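J.: This structure is in structure tokens; I'll ask about it shortly.
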Amino acid sequence: MERMQSSPDENTGTEEENETPERNLDNRRNVQGYSSCPTTSSNLNQMEEKMRRKLQFFFMNPIEKWQAKRKFPYKFVVQVIKIILVTFQLCLFAHNRYNHVNYTWDNRITFSHLFLLGWDSTREINAYPPGAGPLAVYKIDEFYNTLDYAYAGYANLSNAIGPYSYNDDNNNMPDPVFCLYNYKQGIIHGFNESYEFNSEINETCINFTIPDGQLLKSKHYIKDAGMEINFAALVRAKLMFSLKTINFRAAGPITPPECVRFDVEIIFDNEDHDGQMSLVLEAEPYKLVCNGDKNYITDNKIDQILRSILNILVILICSASLMLCSRAIYRAQLLKELTVQFFRRAYNKELSWDGRLEFLNIWYIMIIVNDLLIIMGSAIKEQIERNQFTNDQWNVCSLFLGLGNLLVWFGVLRYLGFFKTYNVVILTLKKAAPKIFRFSFCALLLYAGFMFCGWLILGPYHMKFRSLATTSECLFSLINGDDMFATFSIMSKKSPMLWWFSRVYLYSFISLYIYVVLSLFISVIMDAYDTIKQYYSEGFPKSDLQTFIGEPCIEEVSSGLYRTQSSSSLNAMMNSLFCCNFYRSAYSKIGGGGSNLNIL
């Protein structure tokens, strides 16, 4: 329906045609549609056009805002600069982190060869299924021999190819620490099926102090120290020592060497009490402050200064982006409240929920989240590079920077959405999202049933179903057609009944999800895509707010009309039209001093 309009000639003559603003307002409260570019002369029409112009300007893209009001696109420029700086920072950090993690892993492999009895190179490759069983000890003599071997490797550190030193300023060998974690009481009388047990765990530690040139006889040394190992009550044992080294690999024209301390732990894990004591070596790296080389020209400062400048720039640009987007969200809510009051007073109706959601920009919320993540990640990165952390925080920093950069690049879709061709993806996802969530919830219930069933029944006989996590990973891989034959063939044949059940189970799951669920999932997305294509040809459905705003007249965007209308004039017009004290007080709370509603 079209809004009623009156020409200038019609506003003169009869009493009926010369309506007062109050009567004009009552007539317009029953209007259901709004024209986009009306030409009327009444106060209400002028106020309505002021409101429409303000809303049209608010929903313009940065280019249209520049054409309409010469508003410099601060947020757009800040986002472009942020993408460049953040990506450059991430590339540098990713390179350094790879070197750090790879260096740590290689040293862990080296320590395993030096200190673990029975270690071989086949265990260094992560393969599935693994090429060898877990490294473990099964006999009491093997336990003590492993301790003796580890101490001998620690005492003969000079025999290692790596440039390792003891954690002592004079390079004297500190005593390694050996700790036992036992149940307070754990005695088993297997012959008559009885036991004495107290689940409280006690920790006992001693130092292995051996004179120079002598080998450790751990069995006798532990006994002489007054410690008795009861393997029935033993939960865990640890042998701990520290080593220092310097990494020359990262050194370059402006990159100094790194000084690192490794806290090595050789862990004997007996928590399962199944006769198999797992043997694990852990090496935790800690960065140290290098004293450096007097002849090193850069004095180890150039690289740190350049990286600090980059980190500070990233923090500053993300802080600016955070403030601009927060300001835009706040002002959008002010304009929303003003629009709600306008609809309520001018048309005697409430603004619809869809219309209210138009003022909530999800892109800005996503930008605020990635700004916070990048600021925190950059701060941690700066502290890592300045060696202000006593603990290794590379993983935490990479998590913040990685997620922040992910959202930064997602934000580029917002600017591509200004173009009709690229906006199809965003609109399709937006249209299909509710149906996808409902469909995924139903599919998840079926998935959970298969997951718990497979974990319970097949877990003891199939290595891919031994835990709930691995069961879920196996089923998700099967949905995507990965490693199907291996999943069928690995199943143990110890139980013929369960072997046949596994066939029915796997065939049913694969058939249901690949041929039914995935096909329906794709059809949901394709249905949304077809709907969006139809909208492009026949027009998109509009909310009451979009109907009121209409399409800005093309010639008016760059005509200077928007630059001549200020929010103060809108304030004065609405106060003159709606003299009601309630509305004046409501508007004063919303708009305040006029210029507060100049939304970028």
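J.: Please go through segment 207-229 and give me each residue that is assigned to a loop (DSSP other than H, G, I, E, B) and open to solvent by less than 60 Å² (accessible area, probe 1.4 Å), ordered by number.
T.: Phe208, Ile210, Leu216, Ala225, Met227, Ile229
J.: Just wondering, is there one or more residues in segment 72-88 that are part of a helix (DSSP H, G or I) and modelled with pLDDT under 75?
T.: no
J.: I would also like to ask the following. Is it true that Leu279 is within 30 Å of Lys238 (Cβ to Cβ) and either surrounded by 19 or more Cβ atoms within 10 Å (Cβ to Cβ) or modelled with pLDDT of 85 or more (or both)? Spell out how you get there, then give the answer.
T.: Values: within 30 Å of Lys238 (Cβ to Cβ): yes; either surrounded by 19 or more Cβ atoms within 10 Å (Cβ to Cβ) or modelled with pLDDT of 85 or more (or both): yes.
Judged against the criteria, Leu279 is a match.
J.: Without any contact (Cβ under 8 Å) to a residue 60 or more places away in the chain and among the aliphatic types (A, V, I, L, M): is that true of Met497 in this structure? I'd like the intermediate steps shown before the answer.
T.: On the way: without any contact (Cβ under 8 Å) to a residue 60 or more places away in the chain: yes; among the aliphatic types (A, V, I, L, M): yes.
Criteria met by Met497.
J.: When you check Ser398 against the structure, is it farther than 30 Å from Leu92 by Cα and small (Gly, Ala, Ser), yes or no?
T.: In short, no.
J.: Ok, one more. Return the only residue of Gly404, Gly411 being at pLDDT 75 or above, within 15 Å of Lys82 (Cβ to Cβ) and under 12 Å from the mean Cα position of the chain (by Cα).
T.: On inspection, the qualifying residue turns out to be Gly404.
J.: Pairs under 8 Å by beta carbon, first residue open to solvent by 90 Å² or more (accessible area, probe 1.4 Å) in segment 283-302, partner modelled with pLDDT of 80 or more and not polar (S, T, N, Q), six or more apart or different chains?
T.: Val289/Cys259
J.: For Phe359, work out the one condition from (1) in contact (Cβ under 8 Å) with a residue 12 or more places away in the chain; (2) assigned to a helix (DSSP H, G or I) it doesn't fulfil.
T.: The one condition Phe359 does not meet is (2).
J.: Restricting to segment 417-469, count the residues that are surrounded by fewer than 14 Cβ atoms within 10 Å (Cβ to Cβ) and more than 23 Å from the chain's Cα centre (by Cα).
T.: Of the residues in segment 417-469, 14 are surrounded by fewer than 14 Cβ atoms within 10 Å (Cβ to Cβ) and more than 23 Å from the chain's Cα centre (by Cα).
J.: Taking segment 319-377 as the search range and keeping residues that are aromatic (Phe, Trp, Tyr) and open to solvent by 60 Å² or more (accessible area, probe 1.4 Å), which one is nearest to Phe76 (Cα to Cα)?
T.: Within segment 319-377, the first condition is being aromatic (Phe, Trp, Tyr), and the residues that meet it are 330, 342-343, 347, 353, 359, 363-364.
Checking the rest, the ones that are also open to solvent by 60 Å² or more (accessible area, probe 1.4 Å) come to 330, 353, 363.
On the way: Tyr330: 18, Trp353: 28, Trp363: 12 Å.
Across segment 319-377, the extreme among qualifying residues is Trp363.
J.: What single numbered condition from (1) within 21 Å of Leu117 (Cβ to Cβ); (2) surrounded by 10 or more Cβ atoms within 10 Å (Cβ to Cβ) fails to hold for Ser158?
T.: Of everything listed in (1) within 21 Å of Leu117 (Cβ to Cβ); (2) surrounded by 10 or more Cβ atoms within 10 Å (Cβ to Cβ), Ser158 misses just condition (2).
J.: Looking at Pro129, Pro174, which is the one that is part of a loop (DSSP other than H, G, I, E, B), touching an Asp or Glu at 6+ places or on another chain (Cβ under 8 Å) and outside the structural domain of Asp483 (by the TED database)?
T.: Criteria check complete, one pass: Pro174.
J.: Are there any pairs, at least 6 apart or on different chains, whose C-beta atoms fall under 8 Å, with the first in segment 514-527 and in contact (Cβ under 8 Å) with a residue 24 or more places away in the chain and the second loosely packed, with under 12 Cβ neighbours inside 10 Å, and if so, which?
T.: Listed by first residue and then by second, the contacts come to Ile514/Gly481.
J.: Moving on. In the list Phe488, Phe582, Phe509, Phe578, which residue meets the criterion of being modelled with pLDDT under 75, open to solvent by less than 50 Å² (accessible area, probe 1.4 Å), among the aromatic types (Phe, Trp, Tyr) and over 30 Å from Pro73 (Cα atoms)? Please lay out each step first, then the result.
T.: Working: Phe488 fails: modelled with pLDDT under 75; Phe582 fails: open to solvent by less than 50 Å² (accessible area, probe 1.4 Å); Phe509 fails: modelled with pLDDT under 75.
The conditions single out Phe578.
J.: Are there any pairs, at least 6 apart or on different chains, whose C-beta atoms fall under 9 Å, with the first in segment 199-211 and closer than 18 Å to Asp272 by Cα and the second open to solvent by less than 80 Å² (accessible area, probe 1.4 Å) and β-branched (Val, Ile, Thr), and if so, which?
T.: Qualifying pairs under 9 Å: Ile201/Val235.
So that you can scan it fast, the table gives a plain yes or no per residue for (1) small (Gly, Ala, Ser); (2) assigned by the TED database to the domain that holds Ala486; (3) within 40 Å of the chain's Cα centre (by Cα):
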{"position": "Val101", "(1), (2), (3)": "no, no, yes"}
{"position": "Asp141", "(1), (2), (3)": "no, no, no"}
{"position": "Tyr144", "(1), (2), (3)": "no, no, no"}
{"position": "Tyr151", "(1), (2), (3)": "no, no, no"}
{"position": "Leu157", "(1), (2), (3)": "no, no, no"}
{"position": "Ser165", "(1), (2), (3)": "yes, no, yes"}
{"position": "Asp169", "(1), (2), (3)": "no, no, no"}
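J.: Next up: Taking segment 459-492 on its own, how many of its residues are basic (Lys, Arg) and assigned to a helix (DSSP H, G or I)?
T.: Summing the residues that are basic (Lys, Arg) and assigned to a helix (DSSP H, G or I) in segment 459-492 gives 1.
J.: Further, regarding this structure: Out of Thr339, Thr298, which single residue is modelled with pLDDT of 80 or more, among the β-branched types (Val, Ile, Thr) and over 28 Å from Asp371 (Cα atoms)?
T.: Among Thr339, Thr298, only Thr339 is modelled with pLDDT of 80 or more, among the β-branched types (Val, Ile, Thr) and over 28 Å from Asp371 (Cα atoms).
J.: Give the number of residues within segment 382-401 that are modelled with pLDDT of 90 or more and either over 26 Å from Thr104 (Cα atoms) or more than 13 Å from the chain's Cα centre (by Cα) (or both).
T.: Qualifying residue count, segment 382-401: 0.
The values are calculated or read from the model by the stated rules, or taken from the named source; none is laboratory data. Because the structure is a prediction, the values reported are computed rather than measured. Please note: Cβ atoms are built from the backbone with ideal geometry, for glycine as well, and neighbour counts cover all protein chains shown. Just the protein is used for accessible areas: all its heavy atoms, side chains included, with ligands, DNA and RNA removed. Shrake-Rupley method; radii C 1.70, N 1.55, O 1.52, S 1.80 Å.
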